Amino acid sequence: DAKTTQPPSMDCAEGRAANLPCNHSTISGNEYVYWYRQIHSQGPQYIIHGLKNNETNEMASLIITEDRKSSTLILPHATLRDTAVYYCIVRVPYNYGQNFVFGPGTRLSVLP
Amino acid sequence: DAGVIQSPRHEVTEMGQEVTLRCKPISGHDYLFWYRQTMMRGLELLIYFNNNVPIDDSGMPEDRFSAKMPNASFSTLKIQPSEPRDSAVYFCASNRAGTGNEQFFGPGTRLTVL
């Protein structure tokens, strides 16, 4: 399994963009990058995933470098409710024998 | 859809007692996962099922833990006998094959073994 490296914590001012980095230098060609977050006392929540192209949905944008060795999750206008632990995971999505491995993630604190 | 449903939300029991945690996956999902989360070890996968069949239980910590999925809409995780070190939050998740493999998690059961 490709492993990921994330900073343990980050702060972001409310209303500003939160940019959460993830390194996955050993990612293989068929592995996707997934992002989840976990708000305190809740189950993890899926945010977005991508292979090599940038992706955007109603929650966030995902920017993957051309060499795919790193990515950035962008929350364009962070709110206090975005305070959570954010997990970056790499995985082959259609390999049904595989599952997600959650590392320690990045604890994002959105400050008023 | 109501999402993944877990019960109970909180469980406090004494060491040696049997504990049963319950999960109802999202209708139409054919994969079901049980996770455990602690401060020390983070989020760990315990076991997962595909079409009600256990596929990988290598994460189950020991024989005191067992999981069943008698039908597509119900699964249980049982601990017998329970020990204080089993105290954790237990999450159930489900997903559907053929999608982007994003998992949908339940709210969790917070277990405290005294």
Out of A:Asn57, A:Asn30, report the one residue that is within 14 Å of chain B (Cβ to nearest Cβ), open to solvent by less than 70 Å² (accessible area, probe 1.4 Å) and polar (S, T, N, Q).
A:Asn57
Of the residues in the stretch B:14-24, those that are open to solvent by 20 Å² or more (accessible area, probe 1.4 Å) and within 19 Å of B:Val113 (Cβ to Cβ) come to B:Glu14, B:Met15, B:Gly16, B:Gln17, B:Glu18, B:Thr20, B:Arg22
Restricting to the stretch A:39-54, name every residue that is buried (at least 18 other Cβ atoms within 10 Å of the Cβ), more than 8 Å from every other protein chain (Cβ to nearest Cβ) and not β-branched (Val, Ile, Thr).
A:Gly50
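Of B:Val4, B:Val89, which residue is within 8 Å of chain A (Cβ to nearest Cβ) and among the β-branched types (Val, Ile, Thr)? Explain how you work it out, then say what you get.
Details: B:Val89 fails: within 8 Å of chain A (Cβ to nearest Cβ).
Matching residue, one of B:Val4, B:Val89: B:Val4.
Checking the condition aromatic (Phe, Trp, Tyr), at pLDDT 95 or above and within 23 Å of B:Val89 (Cβ to Cβ), which residue from A:Tyr46, A:Tyr86 passes?
Numbers: A:Tyr46 fails: at pLDDT 95 or above.
Result of the check over A:Tyr46, A:Tyr86: A:Tyr86.
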How many of the residues making up the stretch B:25-70 are surrounded by fewer than 16 Cβ atoms within 10 Å (Cβ to Cβ), among the basic types (Lys, Arg) and within 12 Å of chain A (Cβ to nearest Cβ)?
1
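The values are calculated or read from the model by the stated rules, or taken from the named source; none is laboratory data. On a predicted model such as this, the values are computed, not experimentally measured, just so you know. Backbone-built Cβ (ideal geometry, glycine too); neighbour counts: all protein chains shown. Side chains are part of the model used for accessible areas, which takes the heavy atoms of the whole protein and leaves out ligands, DNA and RNA. Shrake-Rupley method; radii C 1.70, N 1.55, O 1.52, S 1.80 Å.
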